[in-house]
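Asks: First the structure, which I've put down as structure tokens, then a few questions once you've had a look.
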Amino acid sequence: MVEDRANQVSSNAPQERDFASSDLENRKLLDVRAFTCPITSLRTKIALESMEVGEVLIVRLKGEAPLKNVPKFLADEGHEIVSTTGDASGAEIVVKRGS
């Protein structure tokens, strides 16, 4: 599920950080913590395909395989990884959609 920044995923979801850069203001959130590979990469791909070049997607995931495979997929597809935080128990990848 992809949501606009204005919408919250759930009341028990981790709080999002504010980014200083104005180009990160209009970002989308994709929570794939309930899924494993390859579904995490597939849902990330589908979400990015619905976005414009330069838009930002925050991907929340968990598990060693998704934490390894999703960043690799993003790099292979030409997207810019802005930041990665967390670990296999819960991570967040901020990615700017490439062309």
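Asks: Sort out which residues of segment 42-85 are more than 22 Å from residue 26 (Cα to Cα) and in contact (Cβ under 8 Å) with a residue 12 or more places away in the chain, and write them in order of number.
Replies: Going through segment 42-85, the residues more than 22 Å from residue 26 (Cα to Cα) turn out to be 42, 62-69, 72-73, 76.
Passing the criteria: 62, 63, 64, 65, 66, 67, 69, 73.
Asks: Looking at (1) touching a strand residue (DSSP E or B) at 6+ places or on another chain (Cβ under 9 Å); (2) over 12 Å from residue 92 (Cβ atoms); (3) modelled with pLDDT under 55, can you tell me which one residue 40 breaks?
Replies: The one condition residue 40 does not meet is (3).
Asks: Next question. Considering only segment 8-37, state which residues are under 20 Å from residue 87 (Cα atoms) and at pLDDT 50 or above.
Replies: Within segment 8-37, 29, 30, 31, 32, 33, 34, 35, 36, 37 qualify.
Asks: So for segment 88-98 (the condition being of a type in the set (Ser, Thr, Tyr) and at pLDDT 95 or above), does at least one residue qualify? Step through it out loud before you land on a result.
Replies: Filtering segment 88-98 for residues of a type in the set (Ser, Thr, Tyr) gives 89.
Checking the rest, the ones that are also at pLDDT 95 or above come to 89.
Among the residues of segment 88-98, at least one is of a type in the set (Ser, Thr, Tyr) and at pLDDT 95 or above, which makes the answer yes.
Asks: Okay, next question. Could you grab me the full set of residues in segment 45-60 that are touching an Asp or Glu at 6+ places or on another chain (Cβ under 8 Å) and outside any helix (DSSP H, G or I)? If you could, list the steps in order and put the result at the bottom.
Replies: Quick first cut of segment 45-60, residues touching an Asp or Glu at 6+ places or on another chain (Cβ under 8 Å) only: 45, 48, 54, 56, 58-60.
Hits for segment 45-60 are 54, 56, 58, 59, 60.
Asks: Pick out the one residue from 74, 42 that is part of a helix (DSSP H, G or I) and closer than 12 Å to residue 96 by Cα.
Replies: Values: 42 fails: closer than 12 Å to residue 96 by Cα.
The match here is 74.
The values are calculated or read from the model by the stated rules, or taken from the named source; none is laboratory data. If you're wondering where the values come from, they're calculated on a predicted model, not measured in any experiment. Note: ideal-geometry Cβ built from the backbone for every residue, glycine included; neighbour counts use all protein chains shown.
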